[in-house]
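Chemist: Take this structure first; my questions come after.
What follows draws every value from the coordinates through simple rules; no lab data is involved. Since this is a predicted model, take the numbers as computed values, not measurements. So basically every Cβ, Gly included, is an ideal-geometry build from the backbone, and we count neighbours across all protein chains shown.
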Amino acid sequence: MALNFQLLARSGYMARGVVFFLVGGLALFSGISGGKSDTRSALDTLLMQPLGRVWVGLIAVGLLGFVIWRLAQSLGNADRRPHSFKGFIIRAALFGSAMVYLGLSFYALKLALALGSRDDGGTERDVAAWAMSQPFGPYLAGAIGAGFLIGGCVTIAKGILRKYEEHQSFEAKRNRLISMACIYGLCARGVLFLIVGGFFVYAAFTVDPDQAGSIADALNWIRGLPFGGTLYAVVAVGLASFGTYNVIQARHRIVRKPRMHAELERAKATLDHVH
């Protein structure tokens, strides 16, 4: 049976939107009461609501659909990226995104099925600890940090330059409120990527994985800056706006079928040429 990529992509964007609505809400609440505000904490909070396991289970299924869509974008070139260095870098980043959301979807599934206990978070620290344990570990952790830094710059540029509109319907491009929500959400997300990337680079220099930080740590760092309370609120609302961006994508994103066969043939031809 052929996969319905329209359904997978749109349900995936919707699930990611709900998660970031919750992250933004938690960030605003934790600014008053203290506590954590990241994607896993958002799922933990949803679990404690009425019918929590049902909602978390639906999000898990939606995120799995999002993973398949990300794989279609990266491996199957569903977005018709050019076969250039830039195109391959973007597709590699999309593949990395698929792996991140695969982990989050499994975590949501574990919560929904009551398999094991809730996580204490620290996913980024776990990644840093794994990197440090590898040969040339600090360099690997530094490379991961550089990836976050590049991702942050790209995400901010994607918002400011409105590159996301390349894959949106004409109706969405004409709507000023949609544009404002998308730009705001992408820029807030990019700023947090930059801070998390800085944490990873610092962890690499100190050879201490505990220095790596999560979204929650990045928000706490912002809160410690001059005018930190105001900046914190701006970024927290921005995370909720990133949730809005995903809901907009669920409605207006142009979704094409992947060209897996063509990509495999191209890869095979490239390998044959090399040999």
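Chemist: Using +1 at the Cβ of each Lys and Arg and -1 at the Cβ of each Asp and Glu in segment 212-275, identify which of Ser214, Ala262, Gly228 lies farthest towards the dipole's positive end.
Modeler: So the residue we want is Ala262.
Chemist: Please report, in debye to the nearest 20, how large the charge dipole of the chain is about its Cα centre when each Lys and Arg carries +1 at its beta carbon and each Asp and Glu carries -1 there. Don't skip to the end; give the middle numbers.
Modeler: Numbers: 28 positive and 16 negative charges, 232 e Å.
It comes to approximately 1120 debye.
Chemist: Where nothing but the Cβ of Lys and Arg (+1) and of Asp and Glu (-1) is charged, how large is the charge dipole of segment 125-254 around its Cα centre, in debye to the nearest 20? Mind dumping the intermediate values first?
Modeler: Values: 11 positive and 7 negative charges, 136 e Å.
Dipole about the Cα centre, nearest 20: 660 debye.
Chemist: Could you pull out the longest piece of the chain with no exposed loop trypsin sites (Lys or Arg not before Pro) in it, calling a site exposed if DSSP puts it outside H, G, I, E, B and it has at most 14 other Cβ atoms within 10 Å?
Modeler: Numbers: sites that count: Arg80, Arg118, Arg174.
That would be 175-275.
Chemist: OK, next. Karplus couplings for segment 169-176 from phi (6.51 cos²θ - 1.76 cosθ + 1.60, θ = phi - 60°), rounded to Hz, Gly and Pro as x?
Modeler: Ordered by residue, 3J(HN,Hα) equals 5, 4, 4, 5, 4, 7, 8, 5 Hz.
Chemist: Using only helices, what value at 222 nm comes out for the chain when you add -39,500 (n - 2.57) per DSSP H run of length 4 or more and divide by the total residues, to the nearest 500 deg cm²/dmol?
Modeler: -25500 deg cm²/dmol
Chemist: Here's a follow-up. For a quick check: with amide H placed at 1.01 Å from N, whose amide H comes under 5 Å from Gln168's, ignoring anything fewer than 5 positions away on the same chain?
Modeler: Hits under the 5 Å cutoff: Ile254.
Chemist: On a straight-distance basis, which lysines could pair with Lys173 in a cross-link, Cα separation under 26 angstrom, same-chain partners fewer than 8 positions away excluded?
Modeler: Lys86, Lys158, Lys163, Lys257
Chemist: While we're on this one: Could you tell me which residue out of Val54, Leu43, Phe170 lies farthest along the dipole of the chain toward its positive end? Charges go on the beta carbon: Lys and Arg +1, Asp and Glu -1, centred on the Cα centre.
Modeler: Comparing the listed Cα positions along the dipole, Phe170 ranks first.
Chemist: Tell me, what HN-Hα J-couplings in whole Hz come from the Karplus equation 6.51 cos²θ - 1.76 cosθ + 1.60 at θ = phi - 60° for each residue of segment 44-56, using x for Gly and Pro?
Modeler: 4, 5, 4, 4, 7, 8, x, 6, x, 5, 5, 5, 5
Chemist: Length gain on complete extension for the stretch Cys153 to Leu51, per 0.36 nm per residue less the alpha carbon to alpha carbon distance?
Modeler: On the way: separation 102, 0.36 × 102 = 36.72 nm, distance 3.88 nm.
Computed gain between Cys153 and Leu51 is 32.8 nm.
Chemist: Express the relative contact order of the chain as a whole percentage, based on alpha carbon pairs under 8 Å and six or more residues apart in sequence. Intermediate values should be presented prior to the final figure.
Modeler: Details: 411 pairs, mean separation 79.4, N = 275.
Dividing the mean separation by the residue count of the chain yields 29 percent.
Chemist: Could I ask something else about it? Full extension from Leu264 to Phe85: what is 0.36 nm times the residue separation minus their Cα-Cα distance, to one decimal in nm?
Modeler: Contour length minus Cα-Cα distance gives 62.7 nm.
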